[in-house]
C-alpha cells in the first residue's frame, strides 16, 4: 500500500493523507492549507488530489484544516461517500457553508481591489456556497467503536480523540494478499481533562501511527490557570475602559471561552456592566450543535447541565448575527468582551475588530488557540510591533495575552503518554501535523524516552508500506518547496536601484509640488525597506 502526504507535512494545516490499497484510492481528511500566500496557494493545486479518482474520504473532525477542501473536491468531480461521526456531520453541515461564504466574500473583495487598480482576472473563489451545499448530502455518520468496510479489505474504526466535539482518531486495517497491515491516523489528539469534551481514548495496537505533533516541542503552561489568566486580562482592559478581543475558532474554543466566562461570572469576577459579544454566526450555530450532542460532554459539563446550569449562558451575553451589528461593536464606547472568528486572524470579522483596537494601549488581545506560521495571529503572538490590516500598517499597542490552557491539542508529555504503548509494541511512528522545528524536537524526545526513531515526511512525499517497514520513500522536492531565485531577485533590485539613482539626479529640476510628492513616495519606500530589513 502507499500513503502520500498532501498536507500537514512539516506544517500544521492542510491535513490530507492519500492512500492506495485494495484497489481503492481514498484519503484521511481533506483540510485547508492556512498560513502565508505560498502555503495557501497549495489549496488551488487540485491536480495533486485527483478528486474524480477518490473512492471515499474519512474525516477525523470538523476543523477546517482537516475538512475545509471537501467542497473543492466536490466541485472538481468527487461524488462519493464522506465518512465522519454524527457530531462532525452536524458541525460540517454549518461550517462548510460558512467557509464557502468566506471564500465568496474574499473573492468579491479581491475583484474590487483589482478593479480599482485597473487589473484584470482576479482570483475566483476557492469554492462556492453551491459547492458546499452539494457536499453535505455526501456525508455519512458512523458511530465510535463500530467497525465498517468502505471497500472490501479496508476496515475502519473511529475512537474518541478528545479534541473537539465529535473528533476521532482512526484505526485502519488493510488486508491485501492475505496480509493485514494496521494503521492509526491520530487526527488531532486532545488534552486530558479539557473543559467540555471527554478525554482521548487509548489507541489499539497498530503497525503504523501517523501522529500529530502540533505541540511536540513544548508543554502547555499553567493549564489549571486559564480562568485566572482570562480574568486578569478582562480586569486590565475593564480598568482602562477598553475592549478585550478574543480571536477564537467557532467550534470548541468559543464554547470553552464561554464556559470560562460562566465560571468567572459565578466567582464575581466578570463585571456586570461589561457585555460579552459572540460575533460569529458560525459560533452561534455551533453552540446549538453542542447543546444537541450533550452525550459527548465530560462529567463536569454534564453535571452542570443536570443541575440546570447552562455553561454557555451569561446574563450579559449577546449574539451579533449580521454585519451591521458587528460593525456597531467598533463604534461602541466603553469596555466589552468580543469573541470573534477566525481563530488565527486570517479572515472574517476578527480582522475588523483588530483594526479598531490593536493600536489602543488599554485593549487586550487574548489568544486561546494555536497560531500557524504565516498567519496574522502568529505575528501578534510573536510580538510584532506593527501589522498590516486591509492594506494599512497599524501599530500594536494593545496587551497581547496567550493562554495555553485553552489548547485543544495534547502537549509534548501528553502525546508521549498517548503513543507510548504503541511505540513499545513496535509501531512505526510517522510525525505529521506539526512545524518542522517542533517535529525535530519531538523526534529527539521519542528517541530518548521510547527508543523509537520516527519518520518525518515532507509535503507530497509518497510512502510505500510493507509489513512494519517503509522500503521506499518518494520525494518531490521541487514541487513541494519551489526554490526561490535569490540571485535573480537581487539582480533586479540592483538594476532598478541604479535606474532610480539615475532618475533622482534630475528630481531637483521638477516643480516643487512634484518634488514633495516624490519625497513622500521615497519616504514610503524607505519605510517598507526598513521593515524588510528588520524581518531579515
>> With part of a strand (DSSP E or B), in contact with a helix residue (DSSP H, G or I) (Cβ under 7 Å, 6 or more places away or on another chain) and assigned by TED's automatic domain parsing to the domain that holds residue 377 as the only criterion, which of 312, 277, 290 stands out?
In response: 277
> If you go through the stretch 232-269, how many residues are touching a strand residue (DSSP E or B) at 6+ places or on another chain (Cβ under 8 Å), buried (at least 23 other Cβ atoms within 10 Å of the Cβ) and not in a helix (DSSP H, G or I)?
Replying inline: 7
> Taking residue 122, is it in contact (Cβ under 8 Å) with a residue 12 or more places away in the chain and part of a loop (DSSP other than H, G, I, E, B)?
Replying inline: yes
> Can you pull out the residues in the stretch 417-438 that are surrounded by fewer than 23 Cβ atoms within 10 Å (Cβ to Cβ) and within 24 Å of residue 368 (Cβ to Cβ)?
Replying inline: 417, 435, 437, 438
> What number goes with the only condition from (1) touching a strand residue (DSSP E or B) at 6+ places or on another chain (Cβ under 9 Å); (2) in a helix (DSSP H, G or I); (3) more than 20 Å from residue 40 (Cβ to Cβ) that residue 130 does not pass?
Replying inline: (1)
> Restricting attention to the stretch 338-349, which residues are crowded, with 20+ Cβ neighbours inside 10 Å and over 14 Å from residue 381 (Cβ atoms)?
Replying inline: 338, 339, 340, 341, 342, 348, 349
> Only one of 81, 60 is buried (at least 24 other Cβ atoms within 10 Å of the Cβ) and either over 25 Å from residue 188 (Cβ atoms) or modelled with pLDDT of 95 or more (or both); which?
Replying inline: 60
>> Regarding the stretch 138-150, can at least one residue be identified that is surrounded by 19 or more Cβ atoms within 10 Å (Cβ to Cβ) and part of a helix (DSSP H, G or I)?
In response: no
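Enumerate the strands (runs of 3 or more DSSP E) found wholly within the stretch 317-381, keeping only those where 2 or more residues are in contact with a helix residue (DSSP H, G or I) (Cβ under 7 Å, 6 or more places away or on another chain), modelled with pLDDT of 95 or more and not assigned by TED's automatic domain parsing to the domain that holds residue 125.
Values: elements: 317-319, 336-340, 364-367.
In the stretch 317-381, 336-340, 364-367 are the strands (runs of 3 or more DSSP E) which contain 2 or more residues that are in contact with a helix residue (DSSP H, G or I) (Cβ under 7 Å, 6 or more places away or on another chain), modelled with pLDDT of 95 or more and not assigned by TED's automatic domain parsing to the domain that holds residue 125.
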> If you go through the stretch 221-231 one residue at a time, how many are surrounded by fewer than 18 Cβ atoms within 10 Å (Cβ to Cβ) and more than 25 Å from residue 372 (Cα to Cα)?
Replying inline: 1
> If we scan the stretch 48-57, do we find a residue that is touching a strand residue (DSSP E or B) at 6+ places or on another chain (Cβ under 8 Å), in contact (Cβ under 8 Å) with a residue 24 or more places away in the chain and within 20 Å of residue 209 (Cα to Cα)?
Replying inline: yes
>> Just the residues that are in contact with a strand residue (DSSP E or B) (Cβ under 9 Å, 6 or more places away or on another chain) and more than 30 Å from residue 45 (Cα to Cα), please, taken from the stretch 470-510.
In response: none
>> I'm trying to understand the selection: among the residues of the stretch 107-118, which are at pLDDT below 90 and surrounded by 15 or more Cβ atoms within 10 Å (Cβ to Cβ)?
In response: 110
> Within the stretch 296-324, can you find the residues that are under 27 Å from residue 240 (Cα atoms) and touching a strand residue (DSSP E or B) at 6+ places or on another chain (Cβ under 8 Å)?
Replying inline: 314, 316, 317, 318, 319, 320
> So which of 354, 380, 376 is under 19 Å from the mean Cα position of the chain (by Cα), under 16 Å from residue 12 (Cβ atoms) and touching a residue at least 24 places away in the same chain (Cβ under 8 Å)?
Replying inline: 376
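The values are calculated or read from the model by the stated rules, or taken from the named source; none is laboratory data. Everything numeric here is computed off the predicted structure, so don't read it as measured data. Positions of Cβ are generated from backbone atoms using ideal geometry, with glycine treated the same way; all protein chains shown enter the neighbour counts.
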